[in-house]
Each structure stands twice: as structure tokens, then as C-alpha cells.
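To start, the structure itself, in C-alpha cells.
The values are calculated or read from the model by the stated rules, or taken from the named source; none is laboratory data. Because the structure is a prediction, the values reported are computed rather than measured. Using ideal geometry, Cβ is built from the backbone for each residue, glycine included, and neighbour counts are taken over all protein chains shown. To get the accessible areas, we keep the full protein, side chains included, count just its heavy atoms, and leave off ligands, DNA and RNA. Shrake-Rupley method; radii C 1.70, N 1.55, O 1.52, S 1.80 Å.
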Amino acid sequence: EAEILPGKAWEIMRATRFCIAVSGTVTLELAYFRRPMVIVYRAPWLARPFVPLVLHTRFGLVNVVAGREICPERLLFRSNPKPVAEAALRLLQDEDAWQQQVRDLEEVMRLVGEPGASDRAAEAVIDLAKGL
């Protein structure tokens, strides 16, 4: 049974050890909470012939920021959820893999910037303007 909890995403992220997430800003939110994840894309069976063409492209924002795949990205076909399940089980059963992804997510957050980045940028612009 699944329950939909509108407006509770951050509470859920904080309470979890691992997530299966769609691509988008949610991957950066999960990185903020240092939550390992598998990124999934739903694809119709007609897309299967094109899978080899897109498998080498990173779309997940955490992977784009990192410049490499730190969180597995998998296509989810209704008839074959096995690749997603295998990637999820690896993180859930392999503590070293889980810890490595946490460390990688910490690096992503360093690259993105800690909270307050916009305030620091504004202060830098003001300081620069004062020097003119």
C-alpha cells in the first residue's frame, strides 16, 4: 500500500535511507540530505531500440554536476523493472557502495555550494561595487 503525502517531501527525504527518484531537481534535494538514490526514467516499450543511444548520456542533475555517474540512472520499462531493482538492491545490500554514494553526494553539495551561496554572491558584488 502506498500513501501520497503532499507537501511532505523533505520530511520523507530526511526519514529515508535510500530513494528511487525521477530525474530533476529532486535529485539535488536528495543530495542536500545525502540520501543515496537510483534515478529512473519511465519509457514505453517502443523506446527499447533507442536505449543504447541514451545510456551513455547523464540526465540526472547530481550526475551532471559531478561530471560522472555517481547515482545509477536506469530506464524503467513496465514489463522489466529488473535493472532498477538490481541498482536499488546493490545500494541497499552493499554498505560500501552506499557509503561511497554518500561521499559522492557530499562532493556534489560542495560543488553546488553550501546554503547561503546567494547571500555570499550578493556580498561579493557589493564589495566589488564599493571598490569601483
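Quick check on E86: is it open to solvent by 60 Å² or more (accessible area, probe 1.4 Å), modelled with pLDDT of 90 or more, assigned to a loop (DSSP other than H, G, I, E, B) and farther than 19 Å from I12 by Cβ? No, not satisfied.
Selection of the stretch 1-21 for residues being within 24 Å of R74 (Cβ to Cβ), without any contact (Cβ under 8 Å) to a residue 60 or more places away in the chain and open to solvent by less than 80 Å² (accessible area, probe 1.4 Å) yields A9, I12, M13, T16, C19, A21.
Within the stretch 89-122, being open to solvent by 50 Å² or more (accessible area, probe 1.4 Å), assigned to a helix (DSSP H, G or I), over 13 Å from V38 (Cα atoms) and at pLDDT 75 or above holds for Q93, E95, D96, Q99, Q100, R103, E106, E107, R110, L111, V112. Going by the conditions given, is I39 open to solvent by 60 Å² or more (accessible area, probe 1.4 Å), of a type in the set (A, V, I, L, M, F, W, C), under 16 Å from the mean Cα position of the chain (by Cα) and at pLDDT 90 or above? Considered against the rule, which asks whether it is open to solvent by 60 Å² or more (accessible area, probe 1.4 Å), of a type in the set (A, V, I, L, M, F, W, C), under 16 Å from the mean Cα position of the chain (by Cα) and at pLDDT 90 or above, I39 comes out as no. The single condition among (1) at pLDDT below 85; (2) touching a Pro at 6+ places or on another chain (Cβ under 8 Å); (3) of a type in the set (V, I, T) that T57 does not satisfy is (2).
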